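Below is one structure, written out as C-alpha cells; comments come after it.
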Amino acid sequence: GSGWYIESTTKNGGSTDRLDIPARLPYSPGAHAVADYRAERGLPFLSTLTFWGLGVPAAIGGVVATSFGIADSTSGNGDQLSGFLIGTGIFYLAIAGASAWWYFWSHSASFDTHAAQ
C-alpha cells in the first residue's frame, strides 16, 4: 500500500474529499499501468436505498397487479377492476424503472485501472 491519495476542495473551501489511490494493482512490478479517475455521479447511497426500498417492491407489485388485471379481464367479468389493476401495475413498473435507472446511473468515486498501451 502506497498511502497515496488525491484530495479536492470545493470552490468555497467548505469541504474536502479524499480518494485513496489503489494500493495494489493486478500487474507485475515495473509494468506500466494507467489509473483513470471516475468522479462520483448522482447520489450512490440514496439511489441504492431507493432501488431496494421502493423500486424492487414496486416491480413486484407491478407484476402482480398487472397479472391479476390481465387474468380478470380474460375471465369475462367485464368489470372496471381489471382496468384499474392493469393501470396501477403499469404505474408501479414505471416507478421501478425510474429507480433502477437512477441506481445504475449513480456510482461512487473510483479508479479504473488498465495496462498502458
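The values are calculated or read from the model by the stated rules, or taken from the named source; none is laboratory data. From a predicted model like this one, the values you see are computed outputs, not experimental measurements. Heads up, the Cβs are rebuilt from the backbone with ideal geometry, glycines too, and the neighbour counts pull from every protein chain shown. Keep in mind that these areas ignore ligands, DNA and RNA; they rest on the heavy atoms of the full protein, side chains included. Shrake-Rupley method; radii C 1.70, N 1.55, O 1.52, S 1.80 Å.
Working only within region 58-75, note down all residues that are open to solvent by 60 Å² or more (accessible area, probe 1.4 Å) and free of Cβ contacts under 8 Å to residues at least 12 places away in the same chain. Passing the criteria: 60, 74, 75.
For residue 90, the conditions (1) under 23 Å from the mean Cα position of the chain (by Cα); (2) without any contact (Cβ under 8 Å) to a residue 24 or more places away in the chain; (3) over 25 Å from residue 6 (Cβ atoms) are fulfilled apart from (2). The set of residues in region 93-117 that are closer than 30 Å to residue 26 by Cα and in contact (Cβ under 8 Å) with a residue 60 or more places away in the chain comprises 105, 106, 107, 108, 109, 110, 111, 112, 113, 114, 115, 116.
Pick from region 47-57 the residues that are in contact (Cβ under 8 Å) with a residue 12 or more places away in the chain and either within 14 Å of residue 106 (Cα to Cα) or over 18 Å from the mean Cα position of the chain (by Cα) (or both): which of them is most open to solvent (accessible area, probe 1.4 Å)?
Of all residues in region 47-57, those in contact (Cβ under 8 Å) with a residue 12 or more places away in the chain come to 47-48, 50-51, 54-56.
From the residues that got through so far, the ones that are either within 14 Å of residue 106 (Cα to Cα) or over 18 Å from the mean Cα position of the chain (by Cα) (or both) too are 47-48, 50-51.
Details: 47: 1, 48: 54, 50: 35, 51: 28 Å².
Per the stated criteria, the residue is 48.
Total residues in region 76-117 satisfying the condition of being among the polar types (S, T, N, Q) and either open to solvent by 70 Å² or more (accessible area, probe 1.4 Å) or in a strand (DSSP E or B) (or both): the figure is 5.
Among the residues of region 21-38, is any of a type in the set (Gly, Ala, Ser), under 30 Å from residue 5 (Cβ atoms), free of Cβ contacts under 8 Å to residues at least 12 places away in the same chain and not in a helix (DSSP H, G or I)? Full working, then the answer.
Of the residues in region 21-38, the ones of a type in the set (Gly, Ala, Ser) are 23, 28, 30-31, 33, 35.
Okay, now just the ones that are also under 30 Å from residue 5 (Cβ atoms), so 23, 28, 30-31, 33, 35.
Imposing the further condition that a residue be free of Cβ contacts under 8 Å to residues at least 12 places away in the same chain reduces the set to 28, 30.
Now drop any that are not not in a helix (DSSP H, G or I), which leaves 28, 30.
There is at least one residue in region 21-38 that is of a type in the set (Gly, Ala, Ser), under 30 Å from residue 5 (Cβ atoms), free of Cβ contacts under 8 Å to residues at least 12 places away in the same chain and not in a helix (DSSP H, G or I).
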